[in-house]
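Laboratory data are not the source of any read-out in this text; all were calculated from the coordinates shown. As the structure is a computational prediction, the values presented were derived from the model and not from experiment. Reconstructed Cβ throughout: ideal geometry from the backbone, glycine too, with neighbour counts over all protein chains shown.
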Amino acid sequence: MTPELTTRIPIPDVVKILGSGHYLLRGSSYNLYQQIRQDVGQQLLLTSGIRNVVKQIHLFLAKSLQSELNLSKASRSLAPPGHSFHCIGDFDVGKTGLGELNFTEDFSRTEEFMRMVNLGYIDIRYTDTNLYGVRYEPWHIKIG
Ligand SMILES: [Zn+2]
């Protein structure tokens with residue numbers, strides 16, 4: 001879905017999110033993130049934002065090593081380079097203090113997640129029956 005491996009995201013188009021080490025696309029992604037935090041609380045944090053293809057290559061290679069080079073297994077939890085919705089503005093959220101558990105179903109049991117569901121923020125990109133072959137990801141916020 002990203003045509004060129006070297007496609008760059010122009011710096012003026014992104015905003016660094018203080019305290020997270022991650023970036024969001026200015027406009028729709030950034031505004032949505034701010035709105036969610038305002039409504040759900042400051043315990044909500046950004047756990048992954050916009051990624052360019054090079055960043056996705058690094059992440060995918062790391063995931064492949066963790067998966068003992070089983071690329072099919074690696075693709076269930078991380079999209080191959082050029083196929084991540086993080087390239088178009090999707091982002092991941094978590095709860096302060098939950099650490100690695102933010103990337104498990106535990107996140108869907110937090111008060112923050114419940115509030116996001118009640119407020120209509122959750123339109124899950126990767127449901128438990130998704131056809132992308134990706135695991136269920138309740139922490140992944142869809143743009144557009
Ligand atoms: Zn994600």
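How about Lys16: which lysines have a C-alpha closer than 17 Å to its C-alpha, ignoring those fewer than 8 places off in the same chain?
Lys55
Among rounded, prolate and oblate, which fits segment 1-101 when a ≥ b ≥ c are the square roots of the eigenvalues of its C-alpha gyration tensor, a/c under 1.5 means rounded, and a/b larger than b/c means prolate?
Details: a/c = 2.46, a/b = 1.34, b/c = 1.84.
Taking the square roots of the gyration eigenvalues as a ≥ b ≥ c, segment 1-101 is oblate.
Could you identify which residue out of His58, His83, His22 has the top mean-square fluctuation in a GNM of the chain using Cα springs shorter than 10 Å?
Of His58, His83, His22, the most mobile in the Gaussian network model is His58.
Longest segment of the chain with no GluC sites (Glu not before Pro) in a DSSP loop having at most 14 other Cβ atoms within 10 Å?
Details: sites that count: Glu4, Glu68.
Free of exposed loop sites, the longest segment is 69-144.
Quick check on the chain: helices-only [θ] at 222 nm, where DSSP H runs of length 4 and up contribute -39,500 (n - 2.57) each and the sum goes over total residues. Nearest 500, please. Don't skip to the end; give the middle numbers.
Details: 4 runs with 42 residues, N = 144.
That calculation yields -8500 deg cm²/dmol at 222 nm.
Compute the length gained on full extension between Ile88 and Leu69: take 0.36 nm times their separation in residues and subtract their Cα-Cα distance, giving the result in nm to one decimal.
Details: separation 19, 0.36 × 19 = 6.84 nm, distance 2.70 nm.
Gain in length upon complete extension: 4.1 nm.
Label-point separation (nm) for Asp13 and Arg115, each offset 7 Å from Cα along Cα-to-Cβ?
Placing both labels 7 Å beyond Cα along the Cβ direction yields 3.2 nm.
Going by how many other beta carbons lie within 10 Å of each one, how would you line up Leu18, Leu46, fewest first?
Values: Leu18 7, Leu46 22.
The order, fewest Cβ neighbours first, is Leu18, Leu46.
Hey, how many Å between the Cα centroid of segment 8-70 and the Cα centroid of segment 89-144?
If you average the Cα positions of each part, the centres end up 14 Å apart.
Neighbouring Cβ atoms within 10 Å as the yardstick, rank Leu69, Leu59, Leu24 fewest first.
Listing Leu69, Leu59, Leu24 from fewest to most nearby Cβ atoms yields Leu69, Leu59, Leu24.
For the chain, what is the relative contact order in percent, using Cα pairs closer than 8 Å and at least 6 residues apart in sequence? Could the numbers behind the result be given before it?
Values: 214 pairs, mean separation 34.2, N = 144.
It rounds to 24 percent for the chain.
For a quick check: sort Ser28, Ser20, Ser75, Ser48 by the number of other beta carbons within 10 angstrom, fewest at the front. Don't skip to the answer; put the middle values down first.
On the way: Ser28 13, Ser20 16, Ser75 19, Ser48 22.
Sorted ascending by nearby Cβ count, the order is Ser28, Ser20, Ser75, Ser48.
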